[in-house]
Amino acid sequence: QVQLVESGGGFVQPGGSLRLSCAASGSIFSMDSMGWYRQTPGKEREMVALIVSNGFASYSDSVKGRFNISRDKTKNTVYLQMNMLKPEDTAVYYCRLNQRGFLSWGQGTQVTVSS
């Protein structure tokens, strides 16, 4: 059993910043990748940022240059630094862990960007 606990969501004005954290615990045997996804009502969940085991990171075009994903292997934690936030970044953000194809998801954290 794997638990992913996200934190750091909230309300911010356009142009502001937030930092999300996702701590993994439980049956962690491989961290092939950890990623952040987001979803708004009526839309499919989309990948925001992904970091793989060798540290390589990738981003969706909509957040490239504004968001940064990082990790602390010693804490099994991944972070998402979100800068220059826009109203269209408003969504529930989910953390995902991929262990040899076994996917685990967090419960989600709400991010609202509004003036």
> Give me the pairs: first residue in the range 1-30 and under 28 Å from Arg66 (Cα atoms) and in contact (Cβ under 8 Å) with a residue 60 or more places away in the chain, second residue of a type in the set (Val, Ile, Thr) and outside any loop (DSSP other than H, G, I, E, B), beta-carbon distance under 6 Å, and six or more apart or on different chains, which are they?
Replying inline: Glu6/Thr109; Gly9/Thr109; Gly9/Val111; Phe11/Thr112; Val12/Val113; Pro14/Val113; Leu18/Val12; Cys22/Val78
>> All but one of (1) closer than 19 Å to Val111 by Cβ; (2) of a type in the set (S, T, N, Q); (3) not in a strand (DSSP E or B) hold for Asn68; state the number of the condition that does not hold.
In response: (3)
> Just for the range 10-40: of the residues that are in a loop (DSSP other than H, G, I, E, B) and modelled with pLDDT of 95 or more, which one is most open to solvent (accessible area, probe 1.4 Å)?
Replying inline: Gln13
> Which residue pairs have Cβ atoms under 6 Å apart, sit 6 or more places apart or on different chains, and have a first residue in the range 85-96 that is of a type in the set (A, V, I, L, M, F, W, C) and a second that is open to solvent by 40 Å² or more (accessible area, probe 1.4 Å)?
Replying inline: Ala91/Gln39; Ala91/Thr40; Val92/Gln39; Val92/Gln110
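The values are calculated or read from the model by the stated rules, or taken from the named source; none is laboratory data. Note that the structure is predicted; figures quoted are calculated from it, not measured. Every residue, glycine as well, gets a Cβ built from its backbone with ideal geometry; the counts of neighbours run over all protein chains shown. Heads up: the accessible areas ignore ligands, DNA and RNA and are worked out on the full protein's heavy atoms, side chains in. Shrake-Rupley method; radii C 1.70, N 1.55, O 1.52, S 1.80 Å.
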